[in-house]
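Student: Let me begin by handing over the structure; questions about it come next.
Nothing in this text is a laboratory measurement; each read-out follows from the coordinates by a stated rule. Predicted model, so just to flag it, every value in this text is computed and none were measured. In this analysis, Cβ positions are derived from the backbone assuming ideal geometry, glycine residues included, and neighbour counts consider all displayed protein chains.
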């Protein structure tokens, strides 16, 4: 893993990148760990706002997943939040190796206002994006998982993938999508 605060500090991997967008505690670190089949690769926390840098994870020199600070709750000053926003916007708009943004949505809850705001921002810049519905293992039935996926698809359109940190059954389709969309 390598980290950077802003675009000018980002390492040049010459690989396709897939940055993760999502609220604090949506499961970005668990997503990385699940895809890598390594529960200790990315640090998970119950405390929102722990990720403060852009953290790059190299997947077998095939592609990079960039873990970004979560939007929403974080115990930091407005000044720090504004600096994060500026740095992340610059990274998302100017980083040439980004192939798709990956917005993670917590499948246990309704889509939140800041999820919609993020999607509007992405749409305004016409950036390529897919959606991953996380925490499907915490949803009580297969029917409710299907309902959550259908709702997200209806609201956001495009490709929508389920994900469970406790069960790798969804990982192959996500990894397949990434591998089909590399340089």
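Student: Give the order of 5, 96, 17 when sorted by the count of other beta carbons within 10 angstrom, beginning with the fewest.
Tutor: On the way: 5 14, 96 6, 17 22.
Listing 5, 96, 17 from fewest to most nearby Cβ atoms yields 96, 5, 17.
Student: Would you calculate the separation in nanometres between label points at residue 154 and residue 13, each defined as 7 Å from the Cα along the Cα-to-beta-carbon direction?
Tutor: Here the answer is 3.6 nm between the modelled labels.
Student: Sum -39500 (n - 2.57) across every DSSP H segment of at least 4 residues in the chain, then divide by the residue count to get the 222 nm mean residue ellipticity, nearest 500. Walk me through the numbers before you get to the answer.
Tutor: Numbers: 5 runs with 63 residues, N = 183.
Rounded to the nearest 500, it is -11000 deg cm²/dmol.
Student: Using the number of other C-beta atoms within 10 angstrom as an exposure proxy, rank 118, 1 with the fewest first. Before the final figure, lay out each step's value.
Tutor: On the way: 118 20, 1 11.
Taking fewest neighbouring Cβ atoms as first place, the list is 1, 118.
Student: Shifting gears a bit: Just checking my list [x] 13.9; [y] 9.8; [z] 12.0 against mean projected area of the Cα convex hull in nm² computed from this structure; which label fits?
Tutor: Recomputing mean projected area of the Cα convex hull in nm² here gives the entry labelled [y].
Student: By how many nm would the segment from residue 41 to residue 86 grow when fully extended, if each residue of separation counts as 0.36 nm and the alpha-carbon distance is taken off?
Tutor: Values: separation 45, 0.36 × 45 = 16.20 nm, distance 2.72 nm.
Fully extending the segment from residue 41 to residue 86 adds 13.5 nm.
Student: Pairs of Cα atoms under 8 Å, at least six residues apart: use those to get the relative contact order of the chain, whole percent. Before the final figure, lay out the partial values.
Tutor: On the way: 306 pairs, mean separation 47.4, N = 183.
Across the chain, relative contact order equals 26 percent.
Student: Give the shape of the stretch 91-183 as rounded, prolate or oblate, defined through the alpha-carbon gyration tensor: a ≥ b ≥ c are the square roots of its eigenvalues, a/c under 1.5 means rounded, and otherwise the shape is prolate if a/b is larger than b/c and oblate if not.
Tutor: Here the stretch 91-183 falls in the oblate category.
Student: Which order results if 102, 160 are arranged by neighbouring Cβ count within 10 Å, fewest first? Could you put the intermediate results ahead of the total?
Tutor: Numbers: 102 24, 160 20.
By the 10 Å Cβ count, ascending: 160, 102.
Student: At 0.36 nm per residue, and after removing the present C-alpha to C-alpha distance, how many nm does the segment from residue 168 to residue 2 gain when stretched out fully? Could you put the intermediate results ahead of the total?
Tutor: Working: separation 166, 0.36 × 166 = 59.76 nm, distance 2.52 nm.
Working it through step by step, the gained length comes to 57.2 nm.
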